[in-house]
Amino acid sequence: MKNRCFYPILLLWTLFSGVSTASGQVVLSEMMSANSQTVRDEDGDTPDWIELYNAGNVPVNLQGWYLTDDSLETGKWQFPAVTLSPGGYLLVFASDKDRKSGPFLHAGFRLGAGREPVLLSDPSGQLVDYLPARCIPTDVSFGRSPATGFRAFHFSRPTPGQSNDTNSRFTITEGQDTVLFSQPVGVFTSSF
């Protein structure tokens, strides 16, 4: 059962190993596939969510771009006319509610408890970025930040719609019960 997470990662690595996550302006910054209390939508529900970040210097109109959790169905959910400002973040709930107006955007799919990837494509269908399928504990997010060179980590303090808290990052080694922390075990009298 533990190795179920490994196969989707291997498949995506094989299919998209040439994709550079830091080369485009818009990147997938963070995702949560088991949200029980981190953030609520306008209905009071706690759906899965995906965060995008504009790493570029110009606004990007996302109209016609796509999000999906299925590498074989890249046009699963299309963005409405929404502009992502330079340095800006956009939160999209993966709630299966399929809402393109109102206070929040809602994709027409859910993330399936971390067993599915998240893929972002431009209007031509070209893959722009992806986050691989990961085993993600409840109320923990998976993502990356410019501060980490866009290297991906799990975050114990998720930050939907904001810069990722790189002080809360850690790594879960897939297929093992090992958690790697950024600092050695000890008693600390100041923050790090």
Checklist outcome for this item: If you go through G44, G87, the only one that is on the phi > 0 side of the Ramachandran plot, in a loop (DSSP other than H, G, I, E, B) and in contact with a strand residue (DSSP E or B) (Cβ under 7 Å, 6 or more places away or on another chain) is G87
Checklist entry - Could you give every pair whose Cβ atoms fall below 7 Å, whose first residue belongs to the range 116-144 and is surrounded by 20 or more Cβ atoms within 10 Å (Cβ to Cβ), and whose second residue is in a loop (DSSP other than H, G, I, E, B) and among the basic types (K, R), counting only separations of at least 6 or pairs across chains? => result A133/R115; F142/R134; R144/R151
Checklist entry - Quick one: L52 ticks every box in (1) closer than 19 Å to A34 by Cβ; (2) at pLDDT 95 or above bar one, so which box is it? => result (1)
Next on the checklist: Is it the case, given these coordinates, that S190 is surrounded by 15 or more Cβ atoms within 10 Å (Cβ to Cβ) and either under 17 Å from S29 (Cβ atoms) or at pLDDT below 85 (or both)?
Outcome noted: no
Item to check | Qualifying position, being loosely packed, with under 12 Cβ neighbours inside 10 Å and either touching an Asp or Glu at 6+ places or on another chain (Cβ under 9 Å) or farther than 19 Å from P158 by Cα (or both), among G102, G56 | outcome: G102
Checklist entry - How many of the residues in the range 25-54 are under 25 Å from P86 (Cα atoms) and either acidic (D, E) or without any contact (Cβ under 8 Å) to a residue 12 or more places away in the chain (or both)? => result 4
Checklist outcome for this item: Considering the range 137-153, residues that are part of a loop (DSSP other than H, G, I, E, B) and within 13 Å of A55 (Cα to Cα), and then whichever is nearest to the chain's Cα centre (by Cα), we arrive at R144
Item to check | Odd one out for V27, checked against (1) modelled with pLDDT of 95 or more; (2) under 15 Å from the mean Cα position of the chain (by Cα); (3) closer than 17 Å to D129 by Cβ | outcome: (1)
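The values are calculated or read from the model by the stated rules, or taken from the named source; none is laboratory data. Computed from a predicted structure; not experimentally measured. Ideal geometry is used to build each Cβ from the backbone, glycine not excepted, and the neighbour counts take in all protein chains shown.
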